[in-house]
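Input: a single structure, listed below in structure tokens.
The values are calculated or read from the model by the stated rules, or taken from the named source; none is laboratory data. None of the values given here were measured: they were computed from a predicted structure. Note that we place each Cβ from the backbone using ideal geometry, even for glycine, and neighbour counts take in every protein chain shown.
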Amino acid sequence: MGDAGNIVEPNTSKDNFKSATDLIAEPLTLPCGLRLPNRLVKCPMQETLAEPPNFDPPIHKFKNLYKKWSQAQYGLLITGQVQVDIRFFSIAGDVCTHPDSTSPEIMAKWKEWASIAQADGTPCIVQLAHPGRMSPAGAGNRPKEMQALCPSSVPVKLGDTWLDKLALDTLLGTPKEMTLEDIDQTVENFVRGAVMARDAGFAGSQLHGAHGFLLSQFLSPHTNRRTDDYGGTPEKRMTLLKRLVREIRARCPPPYCLSVKLNSGDYMGTEGLQQQEALEQVRWLVTCGMIDFVEISGGNAEQKTSKLHNSFPTKTISQAPKMLESTRIREGFFTEFAEKIQAMKSPIPIQLSGGFRSRTGMADAIDSGVCDLIGLGRAAVLEPELPRKVLLNADFDDDHALGMSHKVRGQWFANMIPAKVVGGSLPIEFFYYNMRRLGSGLVSDPNASIPFVFFNNIWEGLRSSILAALQRLTLARAATTGQT
């Protein structure tokens with residue numbers, strides 16, 4: 001793995017010694033020709049800042065949020081999820097591409113977003129997503145009677161109590177098995193999103209094939225029980241992903257960057273995606289000649305049993321580990337899976353995301369050949385300028401070059417919510433809350449607790465409803481006055 005897809009052996013020679021800062025600061029050229037100034041990547045995090053009815057880029061918020069990330073000296077920015085179907089969202093507030101997105105007015109917003117994100121020389125790509133069966137009623141513009149989509153009609157199960165079942169039935173219901181026409185429409189929507197990113201001036205796009213979203217639903221035998229060309233065997237479960245890669249690459253050739261985010265596993269037990277099948281999915285991506293890098297993550301929203309999902313109540317490290325030739329740090333959550341990819345001698349770069357906090361931990365992963373790129377998600381929210389201020393800053397020695405030690409406070413409140421589908425989602429709300437603060441020109445609040453964020457969301461929702469009602473009354477009064 002390494003520059004332009006060439007294999008780079010671990011840094012073992014004393015004559016070629018590189019410091020931790022040297023390792024993470026080294027530029028990387030992707031197969032498409034896109035040059036990344038260093039190895040640090042701002043991971044896709046849902047900003048939840050777009051507004052109905054069209055969910056176009058909220059430039060007034062992104063001017064604050066993406067300006068911070070642009071100035072932070074990342075090697076690459078990946079946007080938060082951009083939904084490709086306005087009917088199906090995983091959470092209200094995601095940006096969306098829709099048939100009217102190509103209009104001059106809306107395209108101007110996309111171009112301004114791309115300009116803000118890349119103003120300081122860091123390239124930015126757009127993550128394209130579809131939640132599939134994880135699309136709750138009311139998040140997008142789908143009518144209540146319209147079912148969510150899934151490769152097969154497999155309902156979400158999260159908790160065993162009657163309240164869990166009631167909440168899931170109300171929010172998600174039983175998904176509809178996708179017809180071939182549904183699949184064709186989904187492909188068209190993803191391709192439109194990729195072309196939209198290109199025409200707006202972004203450096204490329206990433207397909208979200210992890211965390212229980214639609215593409216990962218096709219890749220997992222738990223949710224894909226089809227017997228046609230899109231399921232039934234490990235190879236056929238990859239049909240949709242392969243089709244998307246080929247059709248997007250046909251419309252968007254290099255220097256457009258095309259990436260895929262994949263699961264190391266979906267943690268659904270013996271009926272779910274097993275590691276060996278996941279490795280074969282990666283193998284196709286790294287050898288097909290159409291992908292520029294693969295991001296590795298894991299888990300899904302239905303079963304939060306991965307290290308990534310279990311890490312909210314656990315305090316992150318407060319002291320940077322030492323880099324030693326004899327012992328690897330293994331700071332990332334999915335290092336074991338990445339090491340197996342390393343054995344493939346991948347000709348394209350691998351990004352490992354989740355769990356990294358220290359300069360030495362990141363450098364060790366690169367030095368050992370486990371990965372080429374380091375993904376930073378939660379750290380990019382709590383300390384949006386972490387690379388420039390700390391990780392790449394020579395004023396910080398290795399012992400002190402790490403993100404703030406932190407855990408999400410108030411986990412007890414999430415645990416006491418009787419419906420797991422509600423309580424289990426509260427920790428991530430802490431990060432949505434802080435991105436809204438950043439979008440408003442404020443700084444992140446690492447001490448905000450889950451109950452505070454919960455009740456703040458209720459208050460903000462009530463205030464928005466009251467303001468909307470007052471606005472309607474004012475307009476109605478003005479209209480009446482004008483008629484008299």
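Within the stretch 152-176, which residues are among the basic types (Lys, Arg) and either closer than 16 Å to Asp85 by Cα or part of a loop (DSSP other than H, G, I, E, B) (or both)?
Lys157, Lys176
Give the residues of the stretch 105-147 that are in a helix (DSSP H, G or I), of a type in the set (Gly, Ala, Ser) and touching a residue at least 12 places away in the same chain (Cβ under 8 Å), sorted by residue number.
Initial filter on the stretch 105-147 (in a helix (DSSP H, G or I)): 105-117, 132-134.
The next check asks that each one be of a type in the set (Gly, Ala, Ser); those that pass are 108, 114-115, 117, 132.
The answer is Ala114, Ser115, Ala117, Gly132.
Could you grab me the full set of residues in the stretch 215-269 that are among the polar types (S, T, N, Q) and surrounded by fewer than 17 Cβ atoms within 10 Å (Cβ to Cβ)? Lay out the reasoning, then the answer.
Filtering the stretch 215-269 for residues among the polar types (S, T, N, Q) gives 216-217, 220, 223-224, 227, 233, 239, 259, 263-264.
Scanning the stretch 215-269 gives Thr227, Thr233.
Select from the stretch 406-433 the residues that are of a type in the set (S, T, N, Q) and modelled with pLDDT under 85 and write down the one among them that is nearest to the chain's Cα centre (by Cα).
Here is the first cut: in the stretch 406-433, the residues of a type in the set (S, T, N, Q) are 411, 415, 425.
So of that shortlist, the ones also modelled with pLDDT under 85 come out as 415, 425.
Numbers: Asn415: 25, Ser425: 16 Å.
For the stretch 406-433, the residue satisfying everything is Ser425.
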Taking the stretch 35-85 and keeping only residues that are out of contact with any strand residue (DSSP E or B) (no Cβ under 9 Å at 6 or more places or on another chain), without any contact (Cβ under 8 Å) to a residue 60 or more places away in the chain and not in a loop (DSSP other than H, G, I, E, B), one is left with Ile59, His60, Lys63, Lys67
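Tell me whether the stretch 106-123 contains one or more residues that are among the hydrophobic types (A, V, I, L, M, F, W, C) and at pLDDT below 90.
We begin by selecting, within the stretch 106-123, every residue among the hydrophobic types (A, V, I, L, M, F, W, C); these are 106-108, 110, 113-114, 116-117, 119.
Applying the additional criterion that residues be at pLDDT below 90 yields none.
No: the stretch 106-123 contains no residue that is among the hydrophobic types (A, V, I, L, M, F, W, C) and at pLDDT below 90.
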Cβ pairs under 9 Å, 6+ apart or interchain, first in the stretch 434-460 and at negative phi, second small (Gly, Ala, Ser) and part of a helix (DSSP H, G or I), ordered by first then second residue, are Ile450/Ala414; Pro451/Ala414; Phe454/Ala414
Kindly provide the set of residues from the stretch 435-463 that are under 23 Å from Val95 (Cα atoms) and touching a Leu at 6+ places or on another chain (Cβ under 7 Å), ordered by number.
Met435, Arg436, Leu438, Gly439, Ser444, Phe454
Which number in (1) within 21 Å of Val260 (Cα to Cα); (2) out of contact with any Asp or Glu (no Cβ under 9 Å at 6 or more places or on another chain); (3) at pLDDT 95 or above marks the one condition that Ala25 misses?
(1)
Top-ranked residue of the stretch 403-420 - restricted to ones that are in contact (Cβ under 8 Å) with a residue 60 or more places away in the chain and polar (S, T, N, Q), ranked as surrounded by the most Cβ atoms within 10 Å (Cβ to Cβ):
Gln411
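Quick grid of which residues meet (1) over 24 Å from Gly375 (Cα atoms); (2) touching a His at 6+ places or on another chain (Cβ under 8 Å); (3) hydroxyl-bearing (Ser, Thr, Tyr); (4) crowded, with 18+ Cβ neighbours inside 10 Å:
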{"site": "Ile86", "(1), (2), (3), (4)": "yes, yes, no, yes"}
{"site": "Ser101", "(1), (2), (3), (4)": "yes, no, yes, yes"}
{"site": "Glu112", "(1), (2), (3), (4)": "yes, no, no, no"}
{"site": "Val126", "(1), (2), (3), (4)": "no, no, no, yes"}
{"site": "Ala129", "(1), (2), (3), (4)": "no, yes, no, yes"}
Which residue, of Thr21, Thr29, is among the polar types (S, T, N, Q), over 30 Å from Ile86 (Cα atoms) and in contact (Cβ under 8 Å) with a residue 60 or more places away in the chain?
Thr21
Name every residue in the stretch 45-68 that is surrounded by fewer than 23 Cβ atoms within 10 Å (Cβ to Cβ), touching a Pro at 6+ places or on another chain (Cβ under 7 Å) and within 14 Å of Ala92 (Cβ to Cβ), in order of residue number.
Ala50, Glu51
Residues that are within 25 Å of Ser425 (Cα to Cα), surrounded by fewer than 21 Cβ atoms within 10 Å (Cβ to Cβ) and either touching a residue at least 24 places away in the same chain (Cβ under 8 Å) or in contact with a helix residue (DSSP H, G or I) (Cβ under 6 Å, 6 or more places away or on another chain) (or both): does the stretch 177-192 have at least one?
no
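Select, from Thr97, Thr122, the only residue that is under 15 Å from Ala197 (Cα atoms), surrounded by 21 or more Cβ atoms within 10 Å (Cβ to Cβ) and hydroxyl-bearing (Ser, Thr, Tyr).
Thr97
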Where residues in the stretch 299-324 are crowded, with 17+ Cβ neighbours inside 10 Å and at pLDDT 70 or above, which of them is farthest from Thr360 (Cα to Cα)?
Phe312
